[in-house]
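Just below is one structure, and these are the notes that go with it.
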Amino acid sequence: MKLASLKHGRDGALVLVSNDLTRFASAEAIAPTLQAALDDWDDIAPQLEALALELKFHGGEPFDQAACSSPLPRAYQWADGSAYVNHVELVRRARGAEMPETFWTDPLMYQGGSDSFLGPHDNIPLGDENWGLDFEGEVAVVTGDVPMGVSVERSGEHIKLIMIVNDVSLRGLVPAELGKGFGFFHSKPSSAFAPVAVTPDELGDAWSEGKLHLPLVSTLNGHPFGKPNAGVDMTFNFHQLIAHAAKTRPLAAGSIIGSGTVSNKLDGGPGKPISDGGVGYSCTAELRMIETIESGAPSTPFLTYGDQIRIEMYDADGSCIFGAIDQTIVRYER
(Lines give C-alpha, C1' and ligand atoms only; values in the text may rest on other atoms or scores of the structure.)
Protein backbone atom coordinates (compact mmCIF):
# COMPACT_ATOMS: atom_id res chain seq x y z
CA MET A 1 0.00 0.00 0.00
CA LYS A 2 0.92 3.61 -0.50
CA LEU A 3 -0.49 6.06 2.03
CA ALA A 4 -0.48 9.85 2.22
CA SER A 5 -2.03 12.63 4.28
CA LEU A 6 -3.69 15.54 2.53
CA LYS A 7 -3.34 18.83 4.36
CA HIS A 8 -6.30 19.03 6.73
CA GLY A 9 -6.29 20.22 10.32
CA ARG A 10 -3.35 19.27 12.49
CA ASP A 11 -3.01 15.62 11.51
CA GLY A 12 -4.04 15.50 7.86
CA ALA A 13 -6.65 13.38 6.08
CA LEU A 14 -5.59 9.82 5.27
CA VAL A 15 -5.73 8.69 1.63
CA LEU A 16 -4.67 5.64 -0.37
CA VAL A 17 -2.46 6.46 -3.38
CA SER A 18 -2.13 4.47 -6.59
CA ASN A 19 1.20 2.77 -7.30
CA ASP A 20 2.00 5.27 -10.05
CA LEU A 21 1.22 8.21 -7.71
CA THR A 22 -1.40 9.65 -10.08
CA ARG A 23 -4.64 8.91 -8.19
CA PHE A 24 -5.92 8.73 -4.63
CA ALA A 25 -8.96 7.54 -2.71
CA SER A 26 -10.08 8.88 0.65
CA ALA A 27 -9.66 6.47 3.57
CA GLU A 28 -11.75 8.62 5.90
CA ALA A 29 -14.40 5.90 6.34
CA ILE A 30 -11.70 3.50 7.56
CA ALA A 31 -9.38 5.78 9.54
CA PRO A 32 -9.40 9.58 9.56
CA THR A 33 -5.63 9.94 9.98
CA LEU A 34 -2.52 7.84 9.52
CA GLN A 35 -1.91 7.89 13.26
CA ALA A 36 -5.40 6.46 13.83
CA ALA A 37 -4.61 3.67 11.39
CA LEU A 38 -1.32 2.89 13.12
CA ASP A 39 -3.01 2.84 16.53
CA ASP A 40 -5.16 -0.10 15.38
CA TRP A 41 -3.03 -1.42 12.51
CA ASP A 42 -3.90 -5.11 12.68
CA ASP A 43 -7.60 -4.36 12.20
CA ILE A 44 -7.25 -1.32 9.94
CA ALA A 45 -4.57 -2.56 7.52
CA PRO A 46 -6.76 -5.24 5.85
CA GLN A 47 -9.46 -2.64 5.22
CA LEU A 48 -6.90 -0.28 3.70
CA GLU A 49 -5.58 -3.10 1.52
CA ALA A 50 -9.08 -3.72 0.20
CA LEU A 51 -9.41 -0.04 -0.65
CA ALA A 52 -6.01 -0.09 -2.34
CA LEU A 53 -7.15 -3.01 -4.50
CA GLU A 54 -10.31 -1.14 -5.42
CA LEU A 55 -8.29 1.96 -6.33
CA LYS A 56 -6.08 -0.17 -8.57
CA PHE A 57 -9.01 -0.95 -10.83
CA HIS A 58 -11.46 1.90 -10.30
CA GLY A 59 -11.12 5.66 -10.71
CA GLY A 60 -9.92 7.77 -7.86
CA GLU A 61 -9.14 11.48 -7.88
CA PRO A 62 -6.01 13.15 -9.29
CA PHE A 63 -3.20 13.05 -6.74
CA ASP A 64 -1.33 16.32 -6.10
CA GLN A 65 1.85 15.88 -4.10
CA ALA A 66 1.90 19.58 -3.22
CA ALA A 67 -1.44 19.16 -1.43
CA CYS A 68 0.14 16.73 1.04
CA SER A 69 1.55 17.20 4.49
CA SER A 70 4.20 14.77 5.65
CA PRO A 71 2.50 11.37 6.03
CA LEU A 72 2.55 11.96 9.79
CA PRO A 73 2.25 15.77 10.13
CA ARG A 74 3.25 15.30 13.76
CA ALA A 75 4.36 12.14 15.51
CA TYR A 76 4.70 10.85 19.04
CA GLN A 77 8.38 10.20 18.44
CA TRP A 78 11.10 10.99 15.89
CA ALA A 79 14.34 9.23 16.81
CA ASP A 80 17.05 9.65 14.22
CA GLY A 81 20.00 7.30 14.06
CA SER A 82 23.30 7.73 12.29
CA ALA A 83 23.66 4.34 10.66
CA TYR A 84 26.12 5.40 7.94
CA VAL A 85 29.22 5.72 10.06
CA ASN A 86 31.18 7.04 7.06
CA HIS A 87 29.02 10.18 7.29
CA VAL A 88 29.59 10.48 11.04
CA GLU A 89 33.34 10.19 10.59
CA LEU A 90 33.50 12.87 7.91
CA VAL A 91 31.26 15.36 9.70
CA ARG A 92 33.11 14.96 13.00
CA ARG A 93 36.40 15.54 11.23
CA ALA A 94 34.92 18.71 9.75
CA ARG A 95 34.48 20.15 13.23
CA GLY A 96 37.74 18.74 14.61
CA ALA A 97 36.15 16.05 16.78
CA GLU A 98 37.62 12.60 17.26
CA MET A 99 35.43 9.58 16.55
CA PRO A 100 35.43 6.88 19.22
CA GLU A 101 35.81 3.28 18.00
CA THR A 102 32.52 2.40 19.74
CA PHE A 103 30.67 4.34 17.02
CA TRP A 104 31.23 1.30 14.77
CA THR A 105 29.56 -1.08 17.25
CA ASP A 106 26.97 0.99 19.16
CA PRO A 107 24.46 3.11 17.17
CA LEU A 108 24.22 6.86 17.57
CA MET A 109 20.70 8.22 17.99
CA TYR A 110 19.10 11.51 19.01
CA GLN A 111 15.50 12.42 19.74
CA GLY A 112 14.33 15.13 17.36
CA GLY A 113 11.36 17.46 17.40
CA SER A 114 8.29 15.73 16.02
CA ASP A 115 5.48 18.21 16.65
CA SER A 116 5.88 20.31 13.50
CA PHE A 117 7.07 18.39 10.45
CA LEU A 118 7.09 20.37 7.21
CA GLY A 119 5.10 19.27 4.20
CA PRO A 120 7.14 17.73 1.38
CA HIS A 121 6.65 20.79 -0.84
CA ASP A 122 6.67 23.38 1.95
CA ASN A 123 9.35 26.06 2.03
CA ILE A 124 12.08 25.75 4.66
CA PRO A 125 12.09 28.92 6.79
CA LEU A 126 15.57 30.13 7.77
CA GLY A 127 16.08 32.85 10.35
CA ASP A 128 19.76 33.56 9.65
CA GLU A 129 22.00 32.51 6.76
CA ASN A 130 24.91 32.23 9.20
CA TRP A 131 23.22 29.25 10.83
CA GLY A 132 24.53 27.09 7.98
CA LEU A 133 21.42 25.30 6.74
CA ASP A 134 22.04 21.87 5.23
CA PHE A 135 19.76 19.18 3.85
CA GLU A 136 20.16 15.54 4.90
CA GLY A 137 18.60 12.83 2.74
CA GLU A 138 17.60 9.79 4.78
CA VAL A 139 15.37 6.71 4.91
CA ALA A 140 12.96 6.25 7.82
CA VAL A 141 10.58 3.59 9.11
CA VAL A 142 7.34 3.95 11.05
CA THR A 143 6.69 1.38 13.74
CA GLY A 144 3.68 -0.09 15.42
CA ASP A 145 3.84 -0.60 19.17
CA VAL A 146 7.31 -1.91 20.06
CA PRO A 147 7.90 -3.59 23.44
CA MET A 148 10.77 -2.46 25.62
CA GLY A 149 13.80 -4.70 25.18
CA VAL A 150 12.75 -6.08 21.80
CA SER A 151 15.45 -8.21 20.21
CA VAL A 152 17.13 -7.35 16.92
CA GLU A 153 15.69 -10.59 15.52
CA ARG A 154 12.09 -9.58 16.34
CA SER A 155 12.23 -5.81 15.85
CA GLY A 156 11.60 -5.99 12.10
CA GLU A 157 8.13 -7.38 12.78
CA HIS A 158 7.13 -3.94 14.07
CA ILE A 159 8.00 -1.99 10.90
CA LYS A 160 4.72 -0.89 9.29
CA LEU A 161 5.78 1.79 6.82
CA ILE A 162 8.85 3.16 5.08
CA MET A 163 9.50 6.79 4.10
CA ILE A 164 12.27 9.12 2.96
CA VAL A 165 13.09 12.35 4.76
CA ASN A 166 14.96 15.63 4.57
CA ASP A 167 16.37 15.95 8.09
CA VAL A 168 17.20 19.66 8.01
CA SER A 169 20.27 20.69 10.00
CA LEU A 170 21.77 24.02 11.00
CA ARG A 171 25.47 23.14 10.89
CA GLY A 172 26.64 26.49 12.19
CA LEU A 173 24.83 25.91 15.48
CA VAL A 174 26.01 22.35 16.06
CA PRO A 175 29.50 22.82 17.59
CA ALA A 176 28.46 25.24 20.34
CA GLU A 177 25.33 23.24 21.08
CA LEU A 178 27.12 19.90 21.38
CA GLY A 179 29.84 21.67 23.37
CA LYS A 180 27.32 22.06 26.17
CA GLY A 181 27.22 18.27 26.44
CA PHE A 182 23.45 17.98 26.19
CA GLY A 183 22.73 17.20 22.52
CA PHE A 184 20.96 18.77 19.54
CA PHE A 185 18.11 21.24 19.91
CA HIS A 186 18.34 24.55 18.02
CA SER A 187 20.48 22.92 15.31
CA LYS A 188 17.69 20.51 14.35
CA PRO A 189 14.63 22.43 13.05
CA SER A 190 11.57 20.85 11.43
CA SER A 191 12.17 17.94 9.05
CA ALA A 192 10.09 17.03 5.99
CA PHE A 193 9.04 13.62 4.68
CA ALA A 194 8.13 12.67 1.11
CA PRO A 195 4.37 12.66 0.38
CA VAL A 196 3.91 8.89 0.39
CA ALA A 197 4.65 6.22 3.01
CA VAL A 198 4.74 2.65 1.72
CA THR A 199 4.36 -0.77 3.26
CA PRO A 200 7.47 -2.96 3.00
CA ASP A 201 5.82 -5.37 0.54
CA GLU A 202 5.61 -2.55 -2.02
CA LEU A 203 9.40 -2.53 -2.26
CA GLY A 204 9.90 -6.16 -3.24
CA ASP A 205 13.50 -7.37 -3.17
CA ALA A 206 14.74 -3.81 -2.59
CA TRP A 207 13.69 -4.16 1.05
CA SER A 208 15.92 -6.82 2.56
CA GLU A 209 17.57 -7.46 5.93
CA GLY A 210 16.28 -4.21 7.38
CA LYS A 211 17.75 -2.06 4.59
CA LEU A 212 16.37 -0.33 1.50
CA HIS A 213 18.69 -1.24 -1.38
CA LEU A 214 18.03 1.65 -3.77
CA PRO A 215 19.75 4.97 -4.56
CA LEU A 216 18.49 8.07 -2.78
CA VAL A 217 18.54 10.81 -5.40
CA SER A 218 19.04 14.47 -4.48
CA THR A 219 19.11 17.50 -6.74
CA LEU A 220 20.31 20.94 -5.62
CA ASN A 221 19.14 23.93 -7.67
CA GLY A 222 18.36 21.61 -10.58
CA HIS A 223 21.78 19.94 -10.62
CA PRO A 224 22.45 16.30 -9.59
CA PHE A 225 24.01 16.24 -6.14
CA GLY A 226 23.79 12.67 -4.87
CA LYS A 227 22.61 9.15 -5.63
CA PRO A 228 24.18 6.94 -2.93
CA ASN A 229 22.59 3.54 -2.42
CA ALA A 230 20.78 3.38 0.91
CA GLY A 231 21.57 -0.33 1.26
CA VAL A 232 25.33 0.15 0.93
CA ASP A 233 27.69 1.11 3.80
CA MET A 234 24.79 1.06 6.30
CA THR A 235 26.61 -0.06 9.44
CA PHE A 236 23.40 -0.54 11.46
CA ASN A 237 20.19 -1.74 9.80
CA PHE A 238 16.71 -0.71 10.90
CA HIS A 239 16.28 -3.86 12.98
CA GLN A 240 19.31 -2.81 15.04
CA LEU A 241 18.18 0.81 15.23
CA ILE A 242 14.71 -0.14 16.52
CA ALA A 243 16.18 -2.49 19.13
CA HIS A 244 18.54 0.28 20.20
CA ALA A 245 15.69 2.80 20.54
CA ALA A 246 13.61 0.35 22.58
CA LYS A 247 16.40 -0.73 24.93
CA THR A 248 15.00 1.05 27.99
CA ARG A 249 11.43 1.97 26.99
CA PRO A 250 8.64 0.86 24.67
CA LEU A 251 7.95 2.72 21.43
CA ALA A 252 4.40 3.85 20.71
CA ALA A 253 2.69 3.14 17.41
CA GLY A 254 3.59 5.91 15.00
CA SER A 255 7.19 6.23 16.18
CA ILE A 256 9.55 7.23 13.36
CA ILE A 257 13.11 5.87 13.30
CA GLY A 258 15.54 7.52 10.89
CA SER A 259 18.63 6.05 9.24
CA GLY A 260 20.77 9.14 9.36
CA THR A 261 22.28 10.67 6.24
CA VAL A 262 22.74 8.09 3.47
CA SER A 263 26.43 7.94 2.64
CA ASN A 264 28.57 5.69 0.44
CA LYS A 265 32.32 5.26 0.44
CA LEU A 266 34.39 4.93 -2.74
CA ASP A 267 37.18 2.34 -2.85
CA GLY A 268 37.31 2.33 0.94
CA GLY A 269 37.64 6.10 1.23
CA PRO A 270 35.36 9.17 1.10
CA GLY A 271 32.95 9.42 -1.81
CA LYS A 272 33.25 11.63 -4.87
CA PRO A 273 30.89 14.08 -6.58
CA ILE A 274 28.74 12.71 -9.39
CA SER A 275 30.67 14.92 -11.84
CA ASP A 276 33.88 13.09 -10.84
CA GLY A 277 32.45 9.62 -11.31
CA GLY A 278 31.17 9.05 -7.78
CA VAL A 279 27.65 8.78 -6.41
CA GLY A 280 27.77 12.16 -4.69
CA TYR A 281 26.30 12.96 -1.30
CA SER A 282 23.07 13.34 0.67
CA CYS A 283 24.19 16.55 2.37
CA THR A 284 26.62 19.38 1.65
CA ALA A 285 28.63 18.78 4.84
CA GLU A 286 30.33 15.69 3.40
CA LEU A 287 31.38 17.50 0.25
CA ARG A 288 32.65 20.44 2.32
CA MET A 289 34.74 18.05 4.42
CA ILE A 290 36.32 16.45 1.37
CA GLU A 291 37.05 19.88 -0.09
CA THR A 292 38.75 20.77 3.19
CA ILE A 293 40.88 17.62 3.05
CA GLU A 294 41.91 18.31 -0.54
CA SER A 295 42.42 22.08 -0.49
CA GLY A 296 42.42 23.20 3.13
CA ALA A 297 39.00 24.89 3.08
CA PRO A 298 35.48 24.17 1.82
CA SER A 299 34.30 25.85 -1.37
CA THR A 300 30.69 24.62 -1.42
CA PRO A 301 28.39 26.89 0.60
CA PHE A 302 25.59 25.74 2.82
CA LEU A 303 22.06 26.35 1.56
CA THR A 304 20.71 29.86 1.62
CA TYR A 305 17.67 31.90 0.59
CA GLY A 306 16.33 30.83 -2.79
CA ASP A 307 18.14 27.48 -2.92
CA GLN A 308 15.98 24.50 -3.86
CA ILE A 309 16.52 20.90 -2.78
CA ARG A 310 14.71 17.88 -4.22
CA ILE A 311 14.96 14.33 -2.82
CA GLU A 312 13.33 11.20 -4.25
CA MET A 313 13.85 7.48 -4.84
CA TYR A 314 13.13 5.33 -7.90
CA ASP A 315 12.51 1.60 -8.23
CA ALA A 316 14.33 -0.68 -10.66
CA ASP A 317 11.87 0.29 -13.40
CA GLY A 318 12.52 4.00 -12.94
CA SER A 319 9.21 4.78 -11.21
CA CYS A 320 9.19 7.22 -8.32
CA ILE A 321 8.27 5.35 -5.13
CA PHE A 322 7.56 7.95 -2.45
CA GLY A 323 6.95 11.10 -4.44
CA ALA A 324 9.36 14.01 -4.09
CA ILE A 325 10.53 16.22 -1.29
CA ASP A 326 10.85 19.54 -3.13
CA GLN A 327 11.65 22.53 -0.94
CA THR A 328 12.94 26.07 -1.29
CA ILE A 329 14.82 27.96 1.42
CA VAL A 330 13.07 31.22 2.36
CA ARG A 331 13.75 34.01 4.84
CA TYR A 332 11.74 33.47 8.01
CA GLU A 333 9.42 36.36 8.77
CA ARG A 334 7.59 36.54 12.07
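The values are calculated or read from the model by the stated rules, or taken from the named source; none is laboratory data. Since the structure is predicted, the reported quantities are computational estimates derived from the model, not experimental observations. Virtual Cβ from ideal backbone geometry, glycine too; neighbours counted across all protein chains shown. Please note that ligands, DNA and RNA were not included when accessible areas were found on the heavy atoms of the full protein model with its side chains. Shrake-Rupley method; radii C 1.70, N 1.55, O 1.52, S 1.80 Å.
Karplus-derived 3J(HN,Hα) values for the range 275-282, using 6.51 cos²θ - 1.76 cosθ + 1.60 with θ = phi - 60°, are 5, 9, x, x, 9, x, 9, 10 Hz; glycine and proline are entered as x.
Heavy-atom accessible area per residue, the range 168-326, 1.4 Å probe: how many Å²? Don't skip to the end; give the middle numbers.
Numbers: 6580 Å² over 159 residues.
Result: 41 Å² per residue.
Compared with the alpha-carbon gap, the fully stretched path from Trp104 to Asp43 is longer by 18.0 nm at 0.36 nm per residue.
Label positions at Thr22 and Tyr76, each projected 7 Å from the Cα along the C-beta direction, are separated by 3.9 nm. Ordered from longest to shortest, the equivalent ellipsoid semi-axes for the chain are 31, 22, 19 Å, each the square root of 5 times a Cα gyration tensor eigenvalue.
Rolling a 1.4 angstrom probe over the protein heavy atoms with all chains in place gives the range 1-86 an accessible area of 46 Å² per residue. Would you kindly calculate the mean projected area, averaged across all directions, of the convex hull enclosing the Cα atoms of the range 229-334, in square nanometres? Across all orientations, the range 229-334 yields a mean hull projection of 11.0 nm².
Give the separation of the Cα centroids, the range 265-286 to the range 214-247, in Å. If we compute the Cα centre of each part, the gap is 14 Å.
Taking the DSSP beta bridges with both ends in the chain, the antiparallel portion is around 90 percent.
Here the range 209-249 exposes an accessible surface that is 50 percent carbon and sulfur, computed with a 1.4 Å probe and the other protein chains kept in place. Which whole-percent values make up P(r) of the range 264-323 when all C-alpha to C-alpha distances are grouped in 5 Å steps starting at zero? Pair shares across the bins are 4, 14, 19, 22, 18, 13, 6, 3, 0.
Mean separation of Cα pairs under 8 Å and 6 or more residues apart, divided by the residue count, gives the range 186-255 a relative contact order of 20 percent. Within the shell of other residues whose beta carbon sits under 11 angstrom from the beta carbon of Asp167, the net charge comes to -3, with Lys and Arg scored +1 and Asp and Glu -1. Close lysine pairs were tallied over the chain: pairs 8 or more places apart or on different chains with Cα atoms under 18 Å apart number 8. Dividing the mean sequence gap of close Cα pairs (under 8 Å, 6+ apart) by how many residues the chain holds gives a relative contact order of 22 percent. Summary of packing: across the peptides 267-273, 100-106, 116-122, the per-residue average of other C-beta atoms within 10 Å ranks them, highest first, as 116-122, 267-273, 100-106. Summary of packing: across the peptides 18-29, 319-330, the per-residue average of other C-beta atoms within 10 Å ranks them, highest first, as 319-330, 18-29. Keeping the other protein chains in place, figure out the carbon and sulfur percent of the accessible area of the range 45-105, with a 1.4 Å probe. Of all accessible area on the range 45-105, carbon and sulfur atoms account for 52 percent.
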